[in-house]
Amino acid sequence: YHAKRTGTHVATYQPDLLRQDTAVISLEADLYRAQERGELELFHQPIVHAQTRALVGTEALIRWHHPRLGLVSPAQFIPLAESTGLILTIGAWVLRQACMHLAEWHRTHPHLSVSVNLSPRQFWQPDLIGTVRDALEVSGIPPEALILEITEGVLMDIPDAEATLRALRDLGVRLALDDFGTGYSSLSYLRRFPLTSLKIDRSFMDGVTGDDQGTPENVVRAVMLLAHALGLSVTSEGVENEAQANFIRSVNGELLQGYLFSRPLPVQDLTDTFLR
Ligand code: C2E
Ligand code: MG
Ligand code: MG
Ligand code: MG
């Protein structure tokens, strides 16, 4: 009886499992070829000054135009790229592309910066510093125009994170701590690592309505005070309405990013909309 049940169990679930495995394996193979086929595209989302709303730079955000699945979100394929190691070649491509895009914008708007997301996995590669230096050299942008966004996991889990981050700072690039508030970083981490800015995670913005004494507002205000006490500037992600933008300005948040200003855009659209 027991064996029969087990048999039924296997018979019931195996087809599903197989189908799932096949889907993952095929997506992995697809991703492997995506680069050569030019299916990856780097979008950019504007980042604006909280007081003047002038464009100060962009965040580069990857997109995958899959031939059958359409636009696949980075939330879906970055984890796959990380687990397979493909993130190393994709990450190097992203760095180079982002710097090349900025070099083009610098011809008319030399004050702009570009922010690039680094995955923790990229810190395990032997030559992250060399990869960043190459992107700077090939594009010719000044190092301080490049901001590398890292997550709290990098500070926690990478053995020589401190030395690597110092070496990156020595190149002249800036370092932003992304998704701040969602991880586990402690005050001592914020002091120890050579960061230049924090990005408050978008989940903190959700509850902000501009109510001066609301809990979400008080939390955001406290993060601003903390960051500023540590000499870090603050970018607020996920700003979707005027009340949020005004609140952040009132608590001295420096930079804003969110759908209120723009969704992430293809390079040409960003140029046409913001840089003419
Ligand atoms: P992230 O670095 O925190 O990027 C911000 C995400 O918030 C982006 O999602 C952006 O489109 C979205 N966003 C911006 N403003 C708003 C808003 O007002 N409301 C809402 N609801 N969302 C907003 P996206 O482009 O889907 O990227 C998701 C994540 O994928 C990124 O989060 C980042 O962790 C990762 N990612 C994207 N591109 C790259 C890349 O080139 N390399 C690596 N390693 N990771 C990347
Ligand atoms: Mg980011
Ligand atoms: Mg972020
Ligand atoms: Mg985020």
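Its Cα centre serving as origin, the chain has a Cβ charge dipole (Lys and Arg +1, Asp and Glu -1) of approximately 240 debye.
Please report, as a whole percent, how much of the solvent-accessible surface of the stretch 200-276 comes from carbon and sulfur atoms (probe radius 1.4 Å). So the carbon and sulfur contribution to the accessible surface is 49 percent. Each of Ser185, Ser236 has its accessible area taken with a 1.4 Å probe; listed largest first, they run Ser185, Ser236.
In the context of the full protein assembly, Glu104 retains an accessible surface of approximately 110 Å², using a probe radius of 1.4 Å and ignoring ligands and nucleic acids. Comparing Thr131, Thr84, Thr235 in a Gaussian network model of the chain (Cα springs below 10 Å), the most mobile by mean-square fluctuation is Thr84. Of the residues Tyr32, Tyr189, Tyr184, the one with the largest accessible area comes first in the ranking Tyr184, Tyr32, Tyr189, computed with a 1.4 Å probe on protein heavy atoms. If R0 is 41 Å, the Cβ-Cβ spacing of Gln125 and Thr215 corresponds to a FRET efficiency of close to 0.50. The magnitude of the dipole of the stretch 93-193, with charges of +1 and -1 set on the Cβ of Lys/Arg and Asp/Glu and taken from the Cα centre, is near 180 debye.
For a paramagnetic label modelled on Asn241 (point 7 Å from Cα along Cα→Cβ), amide N atoms under 20 Å away belong, within the stretch 181-206, to 201-206.
Counting protein heavy atoms only, the stretch 34-82 has 54 percent of its accessible area on carbon and sulfur, 1.4 angstrom probe. Using the Cβ-Cβ distance between Met156 and Glu28 with R0 set to 30 Å, the FRET efficiency works out to roughly 0.65. Placing unit charges on each Cβ (+1 for Lys and Arg, -1 for Asp and Glu) gives the chain a dipole about its Cα centre, and among Tyr189, Leu55, Asn252 the Cα reaching farthest toward its positive end belongs to Tyr189. Positive end of the dipole of the stretch 97-174 (Cβ unit charges, origin at the Cα centre): among Pro143, Thr164, Gln125, the Cα lying farthest that way belongs to Pro143. Helix by helix through the chain, keep the DSSP H runs that span 24 Å or more along the axis on Cα and average at least 1.0 on Kyte-Doolittle, and give those back in order. Going by DSSP H runs, there are no hits. With helices as the sole contributors, the chain gives -15500 deg cm²/dmol at 222 nm; each DSSP H run of n ≥ 4 counts as -39500 (n - 2.57), and the sum is divided by every residue. Model label points for Arg166 and Arg263, set 7 angstrom from Cα along the Cα-to-Cβ axis, are 4.4 nm apart.
Largest mean-square fluctuation among Ile150, Ile248, Ile129, in a Gaussian network model of the chain whose springs join Cα atoms under 10 Å apart, belongs to Ile129.
Each part reduced to its alpha carbon centroid, the stretch 51-66 and the stretch 82-116 end up 11 Å apart. Among beta bridges identified by DSSP and lying wholly in the chain, the antiparallel ones come to about 40 percent. Taking K and R as +1 and D and E as -1, what net charge do the other residues with C-beta under 12 Å from the C-beta of Gln268 add up to? Taking every other residue near Gln268 into account, the sum is -3. Summing charges over neighbours of Leu168, with a neighbour being any other residue whose Cβ is under 10 Å away from its Cβ, gives +3 when K and R count +1 and D and E count -1.
Are there trypsin sites (Lys or Arg not before Pro) in the stretch 47-141 that DSSP puts in a loop and that have at most 11 other Cβ atoms within 10 Å, and which ones?
Those satisfying the criteria are Arg68, Arg107.
Think of a 1.4 Å ball rolled over the protein heavy atoms: the stretch 33-189 then has 45 Å² of accessible area per residue.
The values are calculated or read from the model by the stated rules, or taken from the named source; none is laboratory data. Remember, predicted model here, so these are calculated numbers, not experimental data. A quick note on method: Cβ atoms are made from the backbone with ideal geometry, for glycine too, and the neighbour counts reach across all protein chains shown. All accessible areas refer to the heavy atoms of the entire protein, side chains included, with ligands and DNA or RNA removed. Shrake-Rupley method; radii C 1.70, N 1.55, O 1.52, S 1.80 Å.
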